[in-house]
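Heads up: the structure comes next, in structure tokens.
The values are calculated or read from the model by the stated rules, or taken from the named source; none is laboratory data. Quick caveat: nothing in here was measured; it's all calculated off a predicted structure. All Cβ positions, even for glycine, are placed from backbone atoms using ideal geometry, and neighbour counts span all protein chains on display.
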Amino acid sequence: MRSARILLTGSVVLSMLAAIGCRKEEEAPPPEEKVEKVEAKKPEPPPAPKVPGVSDTEIVIGTTSPQTGPAALWGSVARGTACYFDMINEAGGINGRKLKLEIRDDGYQPARTVAATKELVEQVGVFAMTGGIGTATGLAVKDYLAEKKVPWVGQGTGSTKMTDPMAHNLFAMFPTYNDEAHLLVKYITENLKKKKIAFFYQNDDYGKEALEGARKALEAKKLKLAAEVSVEVTDTDLASHVMKLKKAKPQVVILWLMPKHAAITMGTAAKLKFKPQWITGSTLSDAAFMHKITKGAWEGVHFDSFFELPDSEHPLIAKYKAAYDKFALKRNDKELWSTFFIAGFLFAEPLVEAIKNAGPELTREKVIAELEKLDKWGGGLHSAVTFGKDNRRGVRSVYLAKCEKGKAVKTSGYITFGE
Amino acid sequence: MLGQLVVSGIAIGCCYAMIALAMVIVYKASEVLNFAQGELAMVSTFVAYSLMLSLGLPFPLAAASALLFAFALGAVCEFAFLRQADEPTLLGLIVITLGMEMMLYGAAGWIWGADTKSFPSPISDTSVYEISGIIISDQDLTYLATALLLAGLLFLFFRYTRVGVAMRATSQNESAAKLMGIRTQWINTFTWGLSSVIGALAGILMAPRTMLDPNMMMDPLLKGFAAAVLGGMTSLPGAALGGCLLGVIENLVAGYISTEFKSVVAFVVIVIVLCVRPAGLLGQEEIKKV
Amino acid sequence: MDLKRSYSEDLKLLDGGWEWAAFCVLVVLLAVAPFALQDFYLYMINLIAVHCLVAIGLNLLVGYAGQISLGHAGFFAIGAYTQALLVIKLGLPFFVALPAAGLVAAAFGFLLGLPALRLTGPYLAIATLGFGMAVTQIIGTTEFFGGRMGLNVPRPDFLTDALSSDQRMYLVIVPLTVLLTITAVNLTKSRIGRALVAVRDSDIAAEAIGVNLTLTKTLAFAISAFYTGVAGGLMAMLLGFINPDQFNLIMSITFLAMVVVGGLGSILGSILGAILMTVLPQALSRFDNIPMIAIGAIMVAIVIFEPLGLRGRWLKSKIYFKTWPF
């Protein structure tokens, strides 16, 4: 009978959902977020305060994040920022106001990023935006946020398109892939004294901009890359790619990939008895994590980074780790203490500093002015954040490190581009 | 390099072949394209991972339990979702499988999180054998052995067991099978369970190599599709052949033309095969009665 | 669902006083909206309108002509890139580039329709799947199209001082959508529409009574691709930036879901489906993973419990109230 079948289907579905629900303890959205009833209808916009997002007791900051979808690995950045705000609020907030983070999932799709950003700016009424991951997603909202003059710190992408042309409100906390690769090549040729370099990159703007940087750096020394091999984001079998790299017999291979592909590469290369010196960019700088998922094959890999790493001895890292233990693990006991999580702190640090410096009379223009004033600011995880009237690239230096016994060990101090 | 490309191609091709086999089994039984195949396999692989990590079960036990889980999951999906639809159109069935796929993907992301994990496996990642310059790893041999074993077992299963024969009867003519006393509804459920198990087996074998995350089976699913189309959606040996061929063609294109085109190969293959010989290499032409 | 007593009744766009009144109210609301609503709502309406166009196009192919397409993201991409390139490289104004985008997509639709003549059922589904993915891959590997890096798309820039960019896009998108929707409704009531339905119900019988099967099937693909291509061009302008990764399998599946959930074989169904599938992910975006699970569950539930889709529910409710208390 139809009703019996419906009952049966319903109970099967419900039991599946219950099974899922029992696994995950924390279903409710984290306490910092507004607990609103979810309806398909749109909510009433709040009465506009004099300065959007600022009241006597709190400052509302928004972020879009790929919590689901192909880039879900970077979803921990937004959760890192949430943890950072929890830490600040516990210490009393900023000038008497608590920070509230509104996270919206954009699934790494620009159309959703635009919708979510507009909702945050117009419906929720945020004071500023932080974070955001991806080039396409960032570019989709760049003009809108500039039009609305919303201070925005730190899109998670090294694409030059974010700061060129420069937008008055957008402060980038990421070195360009171009510069990063350029610097890595310099390090390889001058410090490691190797000349035969191959480049293994992800076939999108992330990888290609880095490729350009590497090529230019070698041209300046009248050299060329021994091999340039690309991989698609969706590829899972890299045997042919590694074979092509091996054929070129390079001394050094630069990896510009996602962690997953880097891990697959290490495994495949080990099987094919291909053992060059591996060097990677900052995306793969979480040595402990990479060591774990490559089951130790990551040993000896060199990489660059532009902020303190999860296992560093820096006092701020200890402070943030305590906050992670206190707040983040409670929300989600599977949260990883990883570079992406820490990046959430990094992106928000300048914004928090600027809000602090702007004083109790808070406006968007003041915060932008304060951000511009930051010059070699070392109060955060990066040692010398510098903006300026015409400069929106806050990070221009990286340091080199390598993976030793599963941990990151610095091999150089900060090197700045152009030096 | 040619020999190495071919050998590696056959190895990964065996994985594609397994997925293609799973798909063909379902297709032959009920003419449904199972888009949820990849996610069923992925969820079962995650279950194996959880069993090994949280309960500390040894690999063989965890894998076996995961395969049982896969069977149950496949059967439940068929029972709870596909069977409930009254006289569904082909489009309706496709949409149901797509819906199941999205639900499973979302559930996996929710339960296990989206970060990449490494999958512990007793098959060594690094031990290899070298034969006249061509390297074959333990993993490659495992893939080949499993695929051959699976093909052999399926052959025997379909030819000599009662359930196997019943499945063949149901796929040829459902009404006649019913008249002969075969409980076709349960056969359908069993078919889905079996297909899910094969998919899960492929997933567990591939996970050490491709890393474990909710996206891991998206690409292999499409490759499995292409392999099934190439070999013939109605032919089991065709699926196996298609898988190996696809693996080799992909590698050759990547090695000699450009790695950029590696992923296009599968789709170009699909389009060409469907234009030239829709039934695939070993499939039979479908004759429609007017 | 009313009985049609004459040919002219069958051809009417709107049925009776109530429908005309509802239509007028809708037009008035749409006309007033850009001056009364905030940009966020306008953006959502723009997005819904674009998705409506795609859903209508896909419904013409799937619901009316009975074919299948899992690759409509490909036509969407073709429309978007054509529009972008015509504006960027040739400097054409957007109102010339848009129809051109639709026509180029229609040409590809026609090409896809040719092999579709030989393929039915699952094979057609796979072929369209292959097409959709091949298009994005080819765009991604060709530098002329901007490759993986994508293209920045210029937006229409009339009345820059008076209107915000969302209002401007609204004035471009919504009237165009209304126009194309009315065209589609007319199309379904015309000879072509009836030919499509005949092909769906029994293509061999249709050929027997004189419907040119080749022409009808390829035309179905072409018209569907035209609508999707125009929608793609509009989307390119709406987002301001396009790259191949956006036009993926998930997008094709979402389009198909819009049509099936909304109701096959009905323009109203397409609109309802488009509204649901656009608003739901946004409304649920503060929760991880829930949108995916929700959409999947809705897709399965609709096919099992209400194969006629949302529109079916709407019709059944109407009938229930009309025939109450029996």
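What number of residues in region B:225-242 are in a helix (DSSP H, G or I) and either facing chain C (nearest Cβ under 10 Å) or free of Cβ contacts under 8 Å to residues at least 12 places away in the same chain (or both)? So that I can check it myself, show each step before the final result.
Keep residues of region B:225-242 that are in a helix (DSSP H, G or I), which gives B:225-231, B:236-242.
Next cut, either facing chain C (nearest Cβ under 10 Å) or free of Cβ contacts under 8 Å to residues at least 12 places away in the same chain (or both) only: B:225-226, B:228-229.
Selection size over region B:225-242: 4.
Looking at region B:243-272, I want the residues that are within 12 Å of chain C (Cβ to nearest Cβ) and have a partner that is acidic (D, E) and buried (at least 24 other Cβ atoms within 10 Å of the Cβ) with Cβ atoms under 6 Å, at least 6 apart or on another chain. Which pairs are those?
Sorted first by the residue in region B:243-272, then by its partner, the pairs are B:K262/B:E250; B:V265/B:E250.
Against the condition in contact with a Ser or Thr (Cβ under 9 Å, 6 or more places away or on another chain) and within 14 Å of chain B (Cβ to nearest Cβ), how does A:G158 come out, does it pass?
no
Select, from B:F119, B:F190, the only residue that is of a type in the set (F, W, Y), within 26 Å of A:L272 (Cα to Cα) and surrounded by 18 or more Cβ atoms within 10 Å (Cβ to Cβ). Show your work before the answer.
On the way: B:F190 fails: within 26 Å of A:L272 (Cα to Cα).
Being of a type in the set (F, W, Y), within 26 Å of A:L272 (Cα to Cα) and surrounded by 18 or more Cβ atoms within 10 Å (Cβ to Cβ) holds for just one of B:F119, B:F190, which is B:F119.
Please work out if A:V398 is within 25 Å of A:A71 (Cα to Cα) and under 20 Å from the mean Cα position of the chain (by Cα).
yes
Considering each residue of region A:98-122, count those that are within 7 Å of chain C (Cβ to nearest Cβ) and part of a helix (DSSP H, G or I), and give that number.
Residues in region A:98-122 being within 7 Å of chain C (Cβ to nearest Cβ) and part of a helix (DSSP H, G or I): 9 in total.
Where in region C:115-206 are there helices (runs of 4 or more DSSP H), lying wholly inside it, with at least 1 residues that are among the acidic types (D, E), on the phi < 0 side of the Ramachandran plot and touching a residue at least 60 places away in the same chain (Cβ under 8 Å)?
Details: elements: C:121-141, C:165-189, C:191-201.
Of the helices (runs of 4 or more DSSP H) lying wholly inside region C:115-206, those with at least 1 residues that are among the acidic types (D, E), on the phi < 0 side of the Ramachandran plot and touching a residue at least 60 places away in the same chain (Cβ under 8 Å) span C:165-189, C:191-201.
Going by what's in this entry, would A:V301 be described as crowded, with 20+ Cβ neighbours inside 10 Å and either touching an Asp or Glu at 6+ places or on another chain (Cβ under 6 Å) or touching a residue at least 40 places away in the same chain (Cβ under 8 Å) (or both)?
yes
Per-residue answers, yes or no, for (1) in a loop (DSSP other than H, G, I, E, B); (2) touching a residue at least 24 places away in the same chain (Cβ under 8 Å):
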{"residue": "A:W337", "(1), (2)": "yes, yes"}
{"residue": "A:F345", "(1), (2)": "no, yes"}
{"residue": "A:A348", "(1), (2)": "no, yes"}
{"residue": "A:D375", "(1), (2)": "yes, no"}
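If only one of A:A128, A:A116, A:A146 is within 24 Å of A:S55 (Cα to Cα), surrounded by fewer than 24 Cβ atoms within 10 Å (Cβ to Cβ) and modelled with pLDDT of 85 or more, which one is it?
A:A146
So which of B:L53, B:L33 ends up being on the phi < 0 side of the Ramachandran plot and outside any helix (DSSP H, G or I)? Give the derivation first.
Numbers: B:L53 fails: outside any helix (DSSP H, G or I).
Checking each option against the conditions leaves just B:L33.
So in region B:211-224, with the set limited to residues that are touching a Phe, Trp or Tyr at 6+ places or on another chain (Cβ under 9 Å) and assigned to a helix (DSSP H, G or I), which one is farthest from the other protein chains (Cβ to nearest Cβ)?
This residue is B:G224.
Within the bounds of region C:13-23, is there any residue that is buried (at least 20 other Cβ atoms within 10 Å of the Cβ) and touching a helix residue (DSSP H, G or I) at 6+ places or on another chain (Cβ under 8 Å)?
No, region C:13-23 contains no residue that is buried (at least 20 other Cβ atoms within 10 Å of the Cβ) and touching a helix residue (DSSP H, G or I) at 6+ places or on another chain (Cβ under 8 Å).
So A:G125 ticks every box in (1) away from chain B (no Cβ under 14 Å); (2) under 19 Å from the mean Cα position of the chain (by Cα) but one. Which box is left unticked?
Single failed check for A:G125: (2).
Given (1) in contact with a strand residue (DSSP E or B) (Cβ under 9 Å, 6 or more places away or on another chain); (2) within 27 Å of B:L222 (Cα to Cα), where does C:G229 come up short, assuming only one miss?
Of the numbered conditions (1) in contact with a strand residue (DSSP E or B) (Cβ under 9 Å, 6 or more places away or on another chain); (2) within 27 Å of B:L222 (Cα to Cα), the odd one out for C:G229 is (1).
Out of (1) under 30 Å from C:P156 (Cα atoms); (2) more than 14 Å from chain A (Cβ to nearest Cβ), the odd one out for C:I192 is which?
(1)
Looking at (1) within 14 Å of another protein chain (Cβ to nearest Cβ); (2) touching a strand residue (DSSP E or B) at 6+ places or on another chain (Cβ under 8 Å), which is the one condition that is false for A:G300?
(1)
Just to check your reading of the model, which residue among A:L329, A:L316, A:L351 is crowded, with 21+ Cβ neighbours inside 10 Å and aliphatic (A, V, I, L, M)?
Residue meeting the stated conditions: A:L351.
Taking B:F59 and the conditions (1) modelled with pLDDT under 90; (2) closer than 29 Å to B:G238 by Cβ, which numbered condition does it fall short on, given that it satisfies the others?
Unmet condition: (2).
Just a yes or no: is a residue in region B:170-185 basic (K, R) and away from chain A (no Cβ under 14 Å)?
Yes, region B:170-185 has at least one match.
Go through C:A100, C:A107, C:A65 for me and flag whichever is aliphatic (A, V, I, L, M) and buried (at least 22 other Cβ atoms within 10 Å of the Cβ).
C:A65
From A:A78, A:A71, A:A82, A:A91, which residue is surrounded by fewer than 24 Cβ atoms within 10 Å (Cβ to Cβ), of a type in the set (A, V, I, L, M, F, W, C) and touching a residue at least 60 places away in the same chain (Cβ under 8 Å)?
A:A71
Would you be able to tell me the number of residues in region B:76-114 that are surrounded by 22 or more Cβ atoms within 10 Å (Cβ to Cβ) and charged (D, E, K, R)?
Total satisfying the criteria: 2.
Confirm whether A:E190 is under 16 Å from A:L400 (Cα atoms), acidic (D, E) and in contact with an Asp or Glu (Cβ under 7 Å, 6 or more places away or on another chain).
For A:E190, the condition - under 16 Å from A:L400 (Cα atoms), acidic (D, E) and in contact with an Asp or Glu (Cβ under 7 Å, 6 or more places away or on another chain) - is not met.
So which pairs qualify, if the first residue must be in region A:210-233 and away from chain B (no Cβ under 11 Å), the second must be outside any loop (DSSP other than H, G, I, E, B) and of a type in the set (D, E), the Cβ gap must be under 9 Å, and the two must be at least 6 apart or on different chains?
Short answer, once both residue conditions are applied: A:A210/A:E180; A:L211/A:E228; A:G213/A:D179; A:G213/A:E180; A:A214/A:E228; A:R215/A:E228.
Of all residues in region C:267-279, how many are touching a residue at least 60 places away in the same chain (Cβ under 8 Å) and either crowded, with 24+ Cβ neighbours inside 10 Å or closer than 20 Å to C:M44 by Cβ (or both)?
Residues that pass the stated criteria total 9.
A:M162 is checked against (1) within 20 Å of A:F417 (Cα to Cα); (2) touching a strand residue (DSSP E or B) at 6+ places or on another chain (Cβ under 9 Å); (3) buried (at least 20 other Cβ atoms within 10 Å of the Cβ); (4) touching a residue at least 40 places away in the same chain (Cβ under 8 Å) and fails just one. What number does that condition carry?
Single failed check for A:M162: (4).
Please go through region B:224-238 and give me each residue that is modelled with pLDDT under 90 and either of a type in the set (S, T, Y) or within 10 Å of the chain's Cα centre (by Cα) (or both), ordered by number.
Within region B:224-238, B:F225, B:T234, B:S235 qualify.
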